[in-house]
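Data first, discussion second: the structure below is written as C-alpha coordinates.
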Amino acid sequence: MKFFTLFILLIALACNALAQQDAAAIKKKMAQIRSTTNWEDAAAAKKANEQIKELSKQLMMTGNPQGEQPKNQSKDEVEQAKKDAADDKMDSWGQVMKSAAGGKGADVFLAEPVREQIKDEYRQEESNKLKGKGVLEEMTFLCIDMSSPTVQLLIDQMENYKSISILVITCGKNGATVDLESLIAKAANYPLQQLYIINFKSFVTKVPKTISNFHDLNFLALYNNKISQLPPEFNTLVSLKKLYVDMNPISVLTPTINMMANLDTLGIAKTSIADLELSRIKQQLPNCKILLK
(Lines give C-alpha, C1' and ligand atoms only; values in the text may rest on other atoms or scores of the structure.)
Protein backbone atom coordinates (compact mmCIF):
# COMPACT_ATOMS: atom_id res chain seq x y z
CA MET A 1 0.00 0.00 0.00
CA LYS A 2 2.84 2.41 0.86
CA PHE A 3 4.57 1.50 -2.39
CA PHE A 4 1.37 2.22 -4.33
CA THR A 5 0.94 5.63 -2.63
CA LEU A 6 4.55 6.52 -3.37
CA PHE A 7 4.08 5.44 -6.99
CA ILE A 8 1.02 7.73 -7.38
CA LEU A 9 2.93 10.62 -5.79
CA LEU A 10 5.83 10.19 -8.20
CA ILE A 11 3.47 10.19 -11.17
CA ALA A 12 1.80 13.40 -9.92
CA LEU A 13 5.17 15.08 -9.48
CA ALA A 14 6.22 14.01 -12.95
CA CYS A 15 3.01 15.41 -14.47
CA ASN A 16 3.50 18.68 -12.63
CA ALA A 17 7.11 18.97 -13.83
CA LEU A 18 6.05 18.24 -17.40
CA ALA A 19 3.32 20.89 -17.26
CA GLN A 20 5.81 23.45 -15.92
CA GLN A 21 8.23 22.61 -18.71
CA ASP A 22 5.44 22.99 -21.29
CA ALA A 23 4.44 26.39 -19.85
CA ALA A 24 8.07 27.57 -19.83
CA ALA A 25 8.51 26.53 -23.46
CA ILE A 26 5.32 28.33 -24.50
CA LYS A 27 6.33 31.54 -22.71
CA LYS A 28 9.78 31.38 -24.29
CA LYS A 29 8.23 31.08 -27.74
CA MET A 30 5.89 34.01 -27.08
CA ALA A 31 8.82 36.16 -25.96
CA GLN A 32 10.73 35.19 -29.09
CA ILE A 33 7.82 36.21 -31.33
CA ARG A 34 7.54 39.57 -29.58
CA SER A 35 11.24 40.30 -29.90
CA THR A 36 11.65 39.24 -33.54
CA THR A 37 8.46 40.68 -35.07
CA ASN A 38 8.56 43.91 -37.03
CA TRP A 39 5.51 45.54 -35.43
CA GLU A 40 5.56 48.37 -37.96
CA ASP A 41 4.71 45.79 -40.65
CA ALA A 42 0.92 45.36 -40.50
CA ALA A 43 0.96 41.86 -42.02
CA ALA A 44 3.75 40.68 -39.73
CA ALA A 45 2.06 42.20 -36.69
CA LYS A 46 -1.24 40.48 -37.54
CA LYS A 47 0.47 37.12 -37.97
CA ALA A 48 2.39 37.56 -34.68
CA ASN A 49 -0.77 38.49 -32.78
CA GLU A 50 -2.52 35.37 -34.07
CA GLN A 51 0.44 33.22 -32.99
CA ILE A 52 0.54 34.84 -29.54
CA LYS A 53 -3.23 34.36 -29.18
CA GLU A 54 -2.93 30.64 -29.94
CA LEU A 55 0.04 30.27 -27.57
CA SER A 56 -1.87 32.13 -24.84
CA LYS A 57 -4.68 29.60 -25.21
CA GLN A 58 -2.19 26.75 -24.91
CA LEU A 59 -0.71 28.38 -21.82
CA MET A 60 -4.14 28.56 -20.18
CA MET A 61 -4.60 24.84 -20.79
CA THR A 62 -1.39 23.94 -18.94
CA GLY A 63 -2.80 25.22 -15.64
CA ASN A 64 -3.66 23.06 -12.60
CA PRO A 65 -1.87 19.84 -13.69
CA GLN A 66 -2.58 18.23 -10.34
CA GLY A 67 -6.24 19.17 -10.26
CA GLU A 68 -8.74 16.46 -9.46
CA GLN A 69 -10.35 14.94 -12.52
CA PRO A 70 -14.15 15.32 -12.40
CA LYS A 71 -16.02 12.11 -11.72
CA ASN A 72 -17.38 10.14 -14.70
CA GLN A 73 -15.16 12.06 -17.13
CA SER A 74 -12.36 10.51 -19.14
CA LYS A 75 -8.99 12.18 -19.58
CA ASP A 76 -9.93 13.15 -23.16
CA GLU A 77 -13.17 14.75 -21.95
CA VAL A 78 -11.32 16.76 -19.31
CA GLU A 79 -8.78 17.98 -21.90
CA GLN A 80 -11.59 18.94 -24.28
CA ALA A 81 -13.33 20.87 -21.50
CA LYS A 82 -10.11 22.78 -20.81
CA LYS A 83 -9.73 23.52 -24.51
CA ASP A 84 -13.33 24.75 -24.76
CA ALA A 85 -12.83 27.02 -21.76
CA ALA A 86 -9.66 28.47 -23.28
CA ASP A 87 -11.45 28.99 -26.61
CA ASP A 88 -14.30 30.81 -24.86
CA LYS A 89 -11.89 33.11 -23.00
CA MET A 90 -9.91 34.01 -26.11
CA ASP A 91 -13.12 34.54 -28.10
CA SER A 92 -14.49 36.85 -25.41
CA TRP A 93 -11.34 38.97 -25.32
CA GLY A 94 -11.24 39.03 -29.10
CA GLN A 95 -14.79 40.37 -29.30
CA VAL A 96 -14.03 43.12 -26.78
CA MET A 97 -10.92 44.19 -28.71
CA LYS A 98 -12.88 44.23 -31.98
CA SER A 99 -15.71 46.27 -30.45
CA ALA A 100 -13.42 48.78 -28.75
CA ALA A 101 -11.17 49.24 -31.79
CA GLY A 102 -14.00 49.54 -34.30
CA GLY A 103 -13.32 53.21 -34.99
CA LYS A 104 -15.74 55.28 -36.99
CA GLY A 105 -19.24 53.83 -36.99
CA ALA A 106 -18.47 51.26 -34.31
CA ASP A 107 -20.81 50.71 -31.40
CA VAL A 108 -19.34 52.70 -28.53
CA PHE A 109 -20.84 50.37 -25.95
CA LEU A 110 -19.39 46.92 -25.44
CA ALA A 111 -21.95 44.30 -26.48
CA GLU A 112 -23.98 43.06 -23.54
CA PRO A 113 -23.20 39.32 -24.11
CA VAL A 114 -19.48 40.13 -24.13
CA ARG A 115 -19.87 42.24 -20.99
CA GLU A 116 -21.58 39.32 -19.24
CA GLN A 117 -18.79 36.96 -20.28
CA ILE A 118 -16.26 39.34 -18.77
CA LYS A 119 -18.25 39.51 -15.53
CA ASP A 120 -18.38 35.72 -15.40
CA GLU A 121 -14.62 35.62 -15.78
CA TYR A 122 -14.19 37.99 -12.85
CA ARG A 123 -16.60 35.96 -10.71
CA GLN A 124 -14.44 32.90 -11.33
CA GLU A 125 -11.33 34.85 -10.34
CA GLU A 126 -13.01 35.71 -7.03
CA SER A 127 -12.43 32.21 -5.68
CA ASN A 128 -8.67 32.41 -6.12
CA LYS A 129 -8.81 31.36 -9.76
CA LEU A 130 -6.83 34.23 -11.19
CA LYS A 131 -4.27 32.73 -13.51
CA GLY A 132 -0.76 32.06 -12.30
CA LYS A 133 1.98 34.64 -12.32
CA GLY A 134 3.33 33.44 -15.65
CA VAL A 135 0.03 33.98 -17.44
CA LEU A 136 -0.43 37.41 -15.86
CA GLU A 137 2.97 38.42 -17.15
CA GLU A 138 2.18 37.24 -20.69
CA MET A 139 -1.28 38.80 -21.17
CA THR A 140 -1.35 41.78 -23.55
CA PHE A 141 -5.00 42.90 -23.24
CA LEU A 142 -6.82 44.07 -20.10
CA CYS A 143 -10.37 45.37 -19.68
CA ILE A 144 -11.34 47.20 -16.48
CA ASP A 145 -15.15 47.29 -16.42
CA MET A 146 -16.16 49.56 -13.55
CA SER A 147 -19.75 48.25 -13.72
CA SER A 148 -18.58 44.77 -12.74
CA PRO A 149 -19.44 43.94 -9.11
CA THR A 150 -16.04 42.28 -8.67
CA VAL A 151 -13.90 44.79 -10.57
CA GLN A 152 -11.85 45.63 -7.46
CA LEU A 153 -10.42 42.11 -7.53
CA LEU A 154 -8.99 42.83 -10.96
CA ILE A 155 -7.79 46.31 -10.00
CA ASP A 156 -5.88 44.78 -7.08
CA GLN A 157 -4.08 42.53 -9.58
CA MET A 158 -3.18 45.27 -12.07
CA GLU A 159 0.42 45.70 -11.00
CA ASN A 160 1.05 41.97 -11.52
CA TYR A 161 0.49 42.34 -15.26
CA LYS A 162 3.69 43.09 -17.15
CA SER A 163 2.91 42.97 -20.88
CA ILE A 164 -0.34 44.89 -21.28
CA SER A 165 -0.28 46.80 -24.57
CA ILE A 166 -4.06 47.39 -24.81
CA LEU A 167 -5.96 48.75 -21.80
CA VAL A 168 -9.72 49.36 -21.84
CA ILE A 169 -11.31 51.27 -18.95
CA THR A 170 -15.07 51.33 -19.35
CA CYS A 171 -18.39 50.92 -17.54
CA GLY A 172 -22.11 50.25 -18.01
CA LYS A 173 -24.51 52.35 -20.04
CA ASN A 174 -25.38 54.54 -17.05
CA GLY A 175 -21.79 55.52 -16.27
CA ALA A 176 -19.89 54.84 -13.06
CA THR A 177 -17.41 56.48 -10.72
CA VAL A 178 -13.77 55.78 -11.47
CA ASP A 179 -10.43 56.85 -10.02
CA LEU A 180 -8.47 57.26 -13.25
CA GLU A 181 -5.41 58.66 -11.49
CA SER A 182 -5.10 55.47 -9.46
CA LEU A 183 -5.71 53.14 -12.41
CA ILE A 184 -3.16 54.91 -14.61
CA ALA A 185 -0.65 54.80 -11.76
CA LYS A 186 -1.14 51.04 -11.43
CA ALA A 187 -0.56 50.72 -15.17
CA ALA A 188 2.55 52.91 -15.13
CA ASN A 189 4.92 50.10 -16.16
CA TYR A 190 2.76 48.68 -18.95
CA PRO A 191 4.23 48.80 -22.50
CA LEU A 192 0.97 50.49 -23.45
CA GLN A 193 0.17 51.15 -27.11
CA GLN A 194 -3.62 51.54 -27.01
CA LEU A 195 -5.73 53.13 -24.28
CA TYR A 196 -9.53 53.38 -24.13
CA ILE A 197 -11.37 55.46 -21.50
CA ILE A 198 -14.96 55.26 -22.69
CA ASN A 199 -18.61 55.68 -21.71
CA PHE A 200 -18.23 57.32 -18.30
CA LYS A 201 -20.36 60.33 -19.29
CA SER A 202 -20.43 62.96 -16.50
CA PHE A 203 -18.32 60.78 -14.21
CA VAL A 204 -15.16 61.67 -16.18
CA THR A 205 -14.55 65.38 -16.78
CA LYS A 206 -10.77 65.24 -17.18
CA VAL A 207 -8.07 62.69 -17.89
CA PRO A 208 -4.79 62.23 -15.99
CA LYS A 209 -1.80 64.09 -17.37
CA THR A 210 0.28 61.02 -16.48
CA ILE A 211 -1.08 59.34 -19.62
CA SER A 212 1.65 61.35 -21.37
CA ASN A 213 4.20 59.03 -19.75
CA PHE A 214 3.20 56.21 -22.12
CA HIS A 215 5.64 57.22 -24.84
CA ASP A 216 4.75 54.30 -27.13
CA LEU A 217 1.03 55.08 -27.09
CA ASN A 218 -0.29 55.22 -30.66
CA PHE A 219 -4.06 54.98 -30.06
CA LEU A 220 -6.12 56.96 -27.54
CA ALA A 221 -9.92 56.80 -27.37
CA LEU A 222 -11.90 59.01 -24.97
CA TYR A 223 -15.43 58.42 -26.28
CA ASN A 224 -18.57 59.53 -24.47
CA ASN A 225 -17.33 61.39 -21.42
CA LYS A 226 -17.59 65.03 -20.25
CA ILE A 227 -14.02 66.08 -20.99
CA SER A 228 -13.70 69.79 -21.77
CA GLN A 229 -9.97 69.91 -22.47
CA LEU A 230 -6.87 67.75 -22.79
CA PRO A 231 -3.87 68.25 -20.50
CA PRO A 232 -1.07 70.28 -22.17
CA GLU A 233 1.30 67.42 -21.27
CA PHE A 234 -0.35 65.39 -24.04
CA ASN A 235 1.76 67.25 -26.59
CA THR A 236 4.58 64.82 -25.69
CA LEU A 237 2.59 61.90 -27.15
CA VAL A 238 4.56 62.11 -30.37
CA SER A 239 3.91 58.43 -31.25
CA LEU A 240 0.14 58.93 -31.23
CA LYS A 241 -1.48 58.06 -34.57
CA LYS A 242 -5.17 57.94 -33.69
CA LEU A 243 -7.02 60.17 -31.24
CA TYR A 244 -10.78 60.01 -30.62
CA VAL A 245 -12.45 62.59 -28.39
CA ASP A 246 -15.95 62.07 -29.82
CA MET A 247 -18.99 62.79 -27.63
CA ASN A 248 -17.20 65.19 -25.27
CA PRO A 249 -17.88 68.93 -24.70
CA ILE A 250 -14.32 69.73 -25.78
CA SER A 251 -13.87 72.96 -27.74
CA VAL A 252 -10.10 73.39 -28.12
CA LEU A 253 -7.41 70.90 -29.11
CA THR A 254 -4.68 73.28 -30.24
CA PRO A 255 -1.97 73.79 -29.20
CA THR A 256 -2.06 70.44 -27.31
CA ILE A 257 -2.03 68.37 -30.50
CA ASN A 258 0.41 70.57 -32.41
CA MET A 259 3.37 68.30 -31.68
CA MET A 260 1.54 65.11 -32.70
CA ALA A 261 3.19 64.98 -36.11
CA ASN A 262 2.33 61.29 -36.57
CA LEU A 263 -1.39 61.78 -35.95
CA ASP A 264 -3.24 60.39 -38.97
CA THR A 265 -6.81 60.16 -37.58
CA LEU A 266 -8.70 62.53 -35.30
CA GLY A 267 -12.29 61.85 -34.21
CA ILE A 268 -14.22 64.92 -33.06
CA ALA A 269 -17.85 63.95 -33.71
CA LYS A 270 -20.37 65.48 -31.29
CA THR A 271 -17.88 67.87 -29.69
CA SER A 272 -17.95 71.66 -29.23
CA ILE A 273 -15.12 72.32 -31.66
CA ALA A 274 -16.04 75.36 -33.76
CA ASP A 275 -15.14 76.02 -37.40
CA LEU A 276 -12.26 78.36 -36.47
CA GLU A 277 -10.63 75.72 -34.28
CA LEU A 278 -11.21 73.12 -36.97
CA SER A 279 -9.37 75.35 -39.45
CA ARG A 280 -6.43 75.65 -37.08
CA ILE A 281 -6.26 71.87 -36.71
CA LYS A 282 -6.32 71.34 -40.48
CA GLN A 283 -3.59 73.93 -40.95
CA GLN A 284 -1.31 72.45 -38.29
CA LEU A 285 -1.99 68.79 -39.17
CA PRO A 286 -2.60 68.80 -42.93
CA ASN A 287 -2.09 65.04 -43.29
CA CYS A 288 -4.50 64.10 -40.51
CA LYS A 289 -7.91 62.65 -41.40
CA ILE A 290 -10.59 64.38 -39.33
CA LEU A 291 -13.79 62.47 -38.57
CA LEU A 292 -16.77 64.74 -37.98
CA LYS A 293 -19.48 62.04 -37.90
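The values are calculated or read from the model by the stated rules, or taken from the named source; none is laboratory data. Quantities reported herein were computed from a predicted structural model and do not represent experimental measurements. Every residue, glycine among them, receives a Cβ derived from its backbone with ideal geometry; neighbour counts consider all protein chains shown.
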Task: Subset tally (residues that are assigned to a helix (DSSP H, G or I) and of a type in the set (S, T, N, Q)) for the range 145-185 - done: 4
TODO: Please find, among 241, 226, the residue that is within 18 Å of residue 266 (Cα to Cα), assigned by TED's automatic domain parsing to the domain that holds residue 142 and touching a Phe, Trp or Tyr at 6+ places or on another chain (Cβ under 7 Å).
DONE: 241
TODO: Consider only pairs whose beta carbons are under 9 Å apart and that are at least six residues apart or on different chains; among these, list those whose first residue lies in the range 166-183 and is more than 11 Å from residue 201 (Cβ to Cβ) and whose second residue is among the polar types (S, T, N, Q).
DONE: 166/140; 166/193; 166/194; 167/194; 168/194; 170/147; 170/199; 181/210
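Residues checked against (1) out of contact with any Gly (no Cβ under 9 Å at 6 or more places or on another chain); (2) among the hydrophobic types (A, V, I, L, M, F, W, C); (3) farther than 23 Å from residue 233 by Cβ:
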site	(1), (2), (3)
145	no, no, yes
162	yes, no, yes
167	yes, yes, no
170	yes, no, yes
184	yes, yes, no
190	yes, no, no
193	yes, no, no
199	no, no, yes
203	no, yes, no
